[in-house]
Amino acid sequence: MSDHVIRLLAPREVMGARPALVDLLVDAVEGGASVNFVWPMTREKAEKWWDGALSGALSGERLIFVAEREGVIDGTVQLIMAPQENQPHRADLGKMLVHRRARRRGLGGALLQAAEDHARRIGRSLLTLDTETDGDGERLYARMGWVKFGEVPGYALRADVTVPEGASFFYKRL
Ligand SMILES: CC(C)(COP(=O)(O)OP(=O)(O)OC[C@H]1O[C@@H](n2cnc3c(N)ncnc32)[C@H](O)[C@@H]1OP(=O)(O)O)[C@@H](O)C(=O)NCCC(=O)NCCS
């Protein structure tokens, strides 16, 4: 792997990371990733989304991990605690984003490993997610031992707003 450090952002750090996290989301969508947004992607859309996520991080509902090197954040992923009273052992994994400048060096795998290790430590022993069928994420989760339990065809529009693509649903027991 590269010499990035993977770490969990402390609540006092999350607002300082906001511009870099916004950059990651804009870069991913502009690069065609299917992560809930379509073209034209704007900083305003990304800022609005992150403001909700960051308030969740401040309240402890979300844990945000980053891959950082020399003060530059090149990747992120988050654990979103299942809010249901009967699912205290489950979390969703979301917004796995590695900037195009830093892909294919192992950061995605390292972020996923760090999130899984942390989830295990805090007793979130079941993780779930969905991702674009046949996308880069799907290969990553399969490689890391996640179990695919289904596909929904035509789930979400591609970022370029041409056609709807399917979504694949995964879980992993830790
Ligand atoms: C999916 C995503 C997070 C993967 O991030 P990444 O940092 O490139 O992931 P990794 O480097 O761990 O693995 C990617 C590939 O690089 C390869 N790789 C890893 N380290 C490598 C190295 N040192 N040299 C060459 N190849 C390497 C992996 O084997 C993998 O290959 P594969 O895709 O052919 O299976 C990234 O592509 C991304 O942000 N995409 C846009 C957003 C998105 O789709 N997110 C998932 C939605 S849930």
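When only alpha carbons of region 5-127 are considered, Rg and Dmax amount to 14.0, 41 Å.
Dipole magnitude for the chain: about 460 debye, using +1 per Lys or Arg Cβ and -1 per Asp or Glu Cβ, origin at the Cα centre. For region 143-156, the Karplus equation 6.51 cos²θ - 1.76 cosθ + 1.60, evaluated at θ = phi - 60°, returns couplings of 4, 8, x, 6, 9, 8, 10, x, 9, 10, x, x, 6, 8 Hz by residue, with Gly and Pro reported as x.
Working note: Karplus 6.51/-1.76/1.60 with θ = phi - 60° gives region 86-95 the couplings 8, 10, x, 9, 10, 9, 8, 9, x, 6 Hz, where Gly and Pro are set to x.
Charging the Cβ of each Asp and Glu at -1 and of each Lys and Arg at +1, and nothing else, the dipole of region 111-174 about its Cα centre rounds to 480 debye.
Residues whose amide H falls under 5 Å from that of Asp74, counting only those 5 or more places apart or on a different chain, are Ala67, Glu68, Arg69, with hydrogens built in the peptide plane. Note on His89 and Val5: their simple-model spin labels are 3.5 nm apart, each label 7 Å out from Cα toward Cβ. The phi-based Karplus calculation (6.51 cos²θ - 1.76 cosθ + 1.60; θ = phi - 60°) puts the 3J(HN,Hα) values of region 10-23 at 6, x, 6, 9, 5, 5, x, 7, 3, x, 5, 5, 4, 4 Hz, whole numbers, x for Gly and Pro. Checking every one of the GluC sites (Glu not before Pro) in region 1-71 against DSSP loop status and a limit of 10 other Cβ atoms within 10 Å picks out Glu70. Of the residues Ile122, Leu58, Gly75, the one whose Cα sits farthest toward the positive end of the charge dipole of region 38-156, with +1 on the Cβ of Lys and Arg and -1 on the Cβ of Asp and Glu, is Gly75. To the nearest Å, what is the center-to-center distance of region 1-23 and region 41-110, using C-alpha atoms only? If you average the Cα positions of each part, the centres end up 9 Å apart. Volume per residue for region 61-121 equals 78 cubic angstrom (convex hull of Cα atoms).
As a length-normalised measure over Cα pairs under 8 Å and 6 or more apart, the relative contact order of the chain settles at 22 percent.
For region 26-150, the residue among Ala91, Val35, Ala142 whose Cα projects farthest onto the positive side of the dipole built from Cβ charges is Ala142.
Here, each number is a calculation from the coordinates, and none is a lab measurement. Everything numeric in this text was worked out from a predicted model, so none of it was measured. When we count neighbours, we look across all protein chains shown, and the Cβ atoms used for this are built from the backbone with ideal geometry, even at glycine.
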